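The values are calculated or read from the model by the stated rules, or taken from the named source; none is laboratory data. Here the structure is a predicted model, which is why all the values come from computation and not from measurement. Neighbour counts run over all protein chains shown; Cβ positions are idealised from the backbone, glycine included.
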Amino acid sequence: MDIKASSVLITGGASGIGWALAERFLKAGSQVIICGRRADRLQEAQQQYPQLHIRQCDVGQPSERVALFDWVSSNHPQINVLINNAGIQRRMQLAHSQPDWTESQPEIAINLEAPLHLTSLFIPHLLQHPQAAIINVTSGLAFVPGAFAPIYSATKAALHSFTMSLRHQLAGTPIEVIELVPPAVNTDLGGTGLHTFGVPVGDFADAMMKGLEAGALEIGYGTSETNRTASRQEIDEIFRRMNSRM
Ligand SMILES: NC(=O)c1ccc[n+]([C@@H]2O[C@H](COP(=O)([O-])OP(=O)(O)OC[C@H]3O[C@@H](n4cnc5c(N)ncnc54)[C@H](OP(=O)(O)O)[C@@H]3O)[C@@H](O)[C@H]2O)c1
């Protein structure tokens, strides 16, 4: 894809991986819109890059997804790339406590329903462009579940599955369907300090931009590349190793 002259909407773009991608698209020359729930983070981002467009939005809420689409399509009709990046991660022990559904449901709404819904809202709009892309941010845990985060892992596996079907259905249209597959990356995912063991977010984002520029459709990095390409036997082995300390 053209990283230099695109017009990109990044959900959850004010921090972590979304912000690292936003900065790189901006520096390459693309136009960027980011959205997220925290107005202060969005404003800080815009202070750093005045050309950045921001929109407060909770993608966990269906009505806010529709409002986001309506706002973007009327105010920034040139948008040709949707990056479904917003996500949350909750750790839970299913044997020891009954998860509160009012806390579990938002993880499914944000990680899975939002990309599915935004994709269906944006497809007719993106089809009007000569070149467009839908980029879904999944996880290495889509391929080998992290048992410590069972709902999270399930949402990412489902998003990976959906992305494959979407790519098949949109083949032959102007919309490329791309999956970014992060390994553990040092961001605030799940809460401050839980991912400090992860790879530096800048290194990860640089690799993703390189993959996007090269036209790759499913892009892993480090351990997520291992997970993404593992055989069933290897998946079982990685799963055992990764989850042995639980
Ligand atoms: N870091 C990792 O190790 C890792 C590994 C694999 C996959 N990923 C995936 O990478 C993506 C980005 O995560 P990250 O690591 O960058 O975590 P992060 O630093 O916590 O960033 C997540 C972003 O999503 C936004 N967000 C969360 N819920 C939202 C909602 N309901 N509506 C709108 N925006 C929302 C947050 O902003 P607000 O809180 O302001 O809304 C934040 O900007 C996620 O999909 C995550 O699952 C991360």
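Some points to look at:
- Qualifying residue in region 144-156 (condition: polar (S, T, N, Q) and under 24 Å from P62 (Cα atoms)): yes
- Region 89-110 residues that are in contact (Cβ under 8 Å) with a residue 24 or more places away in the chain, paired with ones that are in a loop (DSSP other than H, G, I, E, B) and among the hydroxyl-bearing types (S, T, Y) (beta carbon under 9 Å, 6 or more apart): Q89/S139
- One residue stands out among those in region 176-186 that are over 12 Å from the mean Cα position of the chain (by Cα) and buried (at least 21 other Cβ atoms within 10 Å of the Cβ): the one that is farthest from the ligand (Cβ to nearest atom), which is V177.
- Evaluating P124 against the criteria (1) modelled with pLDDT under 95; (2) over 21 Å from S153 (Cα atoms); (3) of a type outside the set (A, V, I, L, M) leaves one unmet condition, (1).
Yes or no, residue by residue, for (1) among the basic types (K, R); (2) within 16 Å of the ligand (Cβ to nearest atom); (3) more than 22 Å from H129 (Cα to Cα); (4) touching a His at 6+ places or on another chain (Cβ under 9 Å):
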{"site": "D2", "(1), (2), (3), (4)": "no, no, no, no"}
{"site": "L9", "(1), (2), (3), (4)": "no, yes, no, yes"}
{"site": "F25", "(1), (2), (3), (4)": "no, yes, no, no"}
{"site": "I33", "(1), (2), (3), (4)": "no, yes, no, yes"}
{"site": "F69", "(1), (2), (3), (4)": "no, yes, no, yes"}
{"site": "S74", "(1), (2), (3), (4)": "no, no, no, no"}
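- Listed conditions (1) on the phi > 0 side of the Ramachandran plot; (2) without any contact (Cβ under 8 Å) to a residue 60 or more places away in the chain are all met by L26, apart from (1).
- The helices (runs of 4 or more DSSP H) located wholly in region 1-108 that include 2 or more residues which are farther than 19 Å from V137 by Cβ occupy 39-48, 62-75, 101-108.
- Residue list for region 90-117, filter: closer than 15 Å to A158 by Cβ and not small (G, A, S): Q105, E107, I108, I110, N111, L112, E113, P115, L116, H117
- Remark: pairs (first residue in region 115-141, under 22 Å from I219 (Cα atoms) and more than 16 Å from the ligand (Cβ to nearest atom); second residue of a type in the set (D, E) and part of a strand (DSSP E or B); Cβ separation under 7 Å; 6+ apart in sequence or on different chains) = A133/E176.
- Any hit, region 25-48, residues being surrounded by fewer than 19 Cβ atoms within 10 Å (Cβ to Cβ) and touching a helix residue (DSSP H, G or I) at 6+ places or on another chain (Cβ under 7 Å): no
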